[in-house]
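Everything below concerns the one structure shown next.
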């Protein structure tokens with residue numbers, strides 16, 4: 001049959017385009033490994049900005065809830081309509097179990113499901129996790145860049161994590177920005193990123209930078225993610241992700257017969273910087289076991305975090321003396337900041353609500369751009385349920401300040417009910433003054 005022979009020859013002569021299986025050969029036998037083992041959310045499409053947040057278990061402390069709380073608190077209702085936030089749970093140790101129901105046992109997942117249920121229901125928040133078989137054997141990797149095997153394994157897996165997340169979001173929106181799971185966000189960061197990107201519409205850019213640190217705040221057109229994915233998969237064992245991004249820019253515009261200064265100027269045309277930074281790194285303990293990285297973005301203006309707010313009426317008592325007119329009432333009522341003079345152990349701020357309310361969240365931010373050291377660290381926050389007598393033993397501890405900030409999101413339909421009082425206890429003497437630039441309650445019900 002001449003027609004059949006012709007067809008066979010046509011197939012045999014066909015060129016073969018490279019695929020993910022060329023970069024990860026083990027997937028040839030496990031194609032199902034590209035199907036997420038966990039997917040929670042409405043699978044919303046058509047967003048203007050998709051935010052990706054990869055997260056893994058840290059040995060010391062998890063910052064993810066605070067990261068999400070800060071991001072959601074920074075967004076207006078209009079911003080939430082045009083945004084999708086995808087949390088990528090890259091925890092392979094719990095993925096090796098046969099049933100995905102193992103996630104129900106995860107305190108992290110349970111916490112996210114309860115605290116952010118309204119955002120999952122609206123389509124704003126999605127959570128995904130890869131199948132364990134997506135990852136190749138990471139035990140025998142070539143040592144490169146002088147790194148030990150632990151660091152090589154960590155950055156190799158990070159490249160694979162980022163590539164997976166980018167593949168997932170490619171068709172979800174116009175722009176994609178990646179964060180880390182230990183950052184805080186400036187108010188209205190979504191609108192600021194969108195507006196800055198729109199201003200560059202007629203220019204040739206590859207990445208917009210909204211932070212100076214690592215891969216935090218890197219924004220791409222989703223149509224360009226294919227280049228990032230291919231590059232990270234191709235060199236996933238060789239170099240860290242931020243270096244690979246720089247190599248892409250180099251490959252696009254740099255010439256071997258031109259100076260490095262010329263190269264740098266050309267790369268700047270493809271990677272445009274927004275100032276001030278919209279995200280600040282707050283994590284101290286890296287996802288790489290044993291690594292401490294107290295990195296701070298000096299361009300991030302904490303003073304920009306002040307947002308006028310409307311807290312419920314309250315009677316406030318404090319043993320902390322304030323400077324000039326910067327009283328705690330000033331900050332609580334959203335008119336300015338509180339500037340306290342060297343709090344000592346045993347000092348307190350007691351906010352007694354005139355009418356008990358059911359709270360959705362509490363946000364307290366300390367320090368500002370002029371006085372970044374005037375932050376509160378060694379302090380705890382407690383609440384008193386409506387109907388309980390004002391006694392020390394009746395207060396419920398809901399957490400401590402972390403790197404000068406406190407976020408708490410109450411679980412929806414929690415048993416705590418309405419709150420009549422919020423108290424901040426100072427646990428150690430402070431070496432500096434303290435500034436509260438924001439004390440804000442988000443309420444569910446006010447009777």
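The values are calculated or read from the model by the stated rules, or taken from the named source; none is laboratory data. Everything quoted here is computed from the prediction, not taken from an experiment. Cβ atoms come from the backbone with ideal geometry, glycine included; neighbour counts cover every protein chain shown.
Which of the following residues is surrounded by fewer than 23 Cβ atoms within 10 Å (Cβ to Cβ) and at pLDDT 90 or above: 202, 195?
Values: 202 fails: at pLDDT 90 or above.
Answer to the selection: 195.
Restricting attention to region 161-210, the residues being out of contact with any helix residue (DSSP H, G or I) (no Cβ under 9 Å at 6 or more places or on another chain) and within 30 Å of residue 365 (Cα to Cα) number 6.
Among the residues of region 337-353, those that are at negative phi and surrounded by fewer than 17 Cβ atoms within 10 Å (Cβ to Cβ) comprise 341, 344, 345, 348, 352.
A count restricted to region 40-64 and to residues that are surrounded by fewer than 22 Cβ atoms within 10 Å (Cβ to Cβ) and modelled with pLDDT under 85 stands at 6.
Answer yes or no as to whether residue 169 is surrounded by 15 or more Cβ atoms within 10 Å (Cβ to Cβ) and over 30 Å from residue 205 (Cβ atoms). If you could, list the steps in order and put the result at the bottom.
Working: surrounded by 15 or more Cβ atoms within 10 Å (Cβ to Cβ): yes; over 30 Å from residue 205 (Cβ atoms): no.
No.
The set of residues from region 146-156 being surrounded by fewer than 20 Cβ atoms within 10 Å (Cβ to Cβ) and in contact with a helix residue (DSSP H, G or I) (Cβ under 8 Å, 6 or more places away or on another chain) comprises just one member, 147.
A quick yes/no check of all residues on (1) more than 13 Å from residue 424 (Cβ to Cβ); (2) touching a residue at least 24 places away in the same chain (Cβ under 8 Å):
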site: 347; (1), (2): no, yes
site: 356; (1), (2): yes, yes
site: 366; (1), (2): no, yes
site: 374; (1), (2): yes, yes
site: 394; (1), (2): yes, no
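Looking only at region 112-140, residues that are under 21 Å from residue 161 (Cβ atoms), at pLDDT below 90 and in a helix (DSSP H, G or I) come to 2 in all. Listed conditions (1) free of Cβ contacts under 8 Å to residues at least 60 places away in the same chain; (2) out of contact with any strand residue (DSSP E or B) (no Cβ under 7 Å at 6 or more places or on another chain); (3) more than 20 Å from residue 36 (Cα to Cα) are all met by residue 144, apart from (1). Does any residue of region 331-338 turn out to be in a loop (DSSP other than H, G, I, E, B), modelled with pLDDT of 90 or more and in contact with a strand residue (DSSP E or B) (Cβ under 7 Å, 6 or more places away or on another chain)? No - not one qualifying residue is present in region 331-338.
Could you list, in sequence order, the residues of region 186-239 that are in contact with a strand residue (DSSP E or B) (Cβ under 9 Å, 6 or more places away or on another chain), outside any loop (DSSP other than H, G, I, E, B) and over 17 Å from residue 169 (Cβ atoms)? Answer for region 186-239, where residues must be in contact with a strand residue (DSSP E or B) (Cβ under 9 Å, 6 or more places away or on another chain), outside any loop (DSSP other than H, G, I, E, B) and over 17 Å from residue 169 (Cβ atoms): 189, 196, 209.
Yes/no matrix, rows are residues, columns are (1) within 23 Å of residue 434 (Cα to Cα); (2) in contact with a strand residue (DSSP E or B) (Cβ under 9 Å, 6 or more places away or on another chain); (3) assigned by TED's automatic domain parsing to the domain that holds residue 311:
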position	(1), (2), (3)
347	yes, yes, yes
351	yes, yes, yes
355	no, yes, yes
360	no, yes, yes
364	yes, yes, yes
375	yes, yes, yes
384	no, yes, yes
387	no, yes, yes
393	no, no, yes
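Quick check on residue 150: is it part of a helix (DSSP H, G or I) and either modelled with pLDDT under 90 or not assigned by TED's automatic domain parsing to the domain that holds residue 84 (or both)? The answer is yes for residue 150. Considering region 73-85, and only residues there that are out of contact with any strand residue (DSSP E or B) (no Cβ under 8 Å at 6 or more places or on another chain) and assigned to a helix (DSSP H, G or I), the residue that is surrounded by the fewest Cβ atoms within 10 Å (Cβ to Cβ) turns out to be 77.
Quick test of your reading of the structure: residue 294 fulfils all but one of (1) at pLDDT below 90; (2) under 23 Å from the mean Cα position of the chain (by Cα); (3) part of a helix (DSSP H, G or I). Name the failing condition by number. Every condition holds for residue 294 apart from (3).
Could you tell me how many of the residues in region 240-263 are in contact (Cβ under 8 Å) with a residue 24 or more places away in the chain and in a helix (DSSP H, G or I)? First the steps, then the outcome.
Of the residues in region 240-263, the ones in contact (Cβ under 8 Å) with a residue 24 or more places away in the chain are 240-242, 244-245, 248-249, 252.
From what's left, in a helix (DSSP H, G or I): 241-242, 244-245, 248-249, 252.
Total meeting the criteria: 7.
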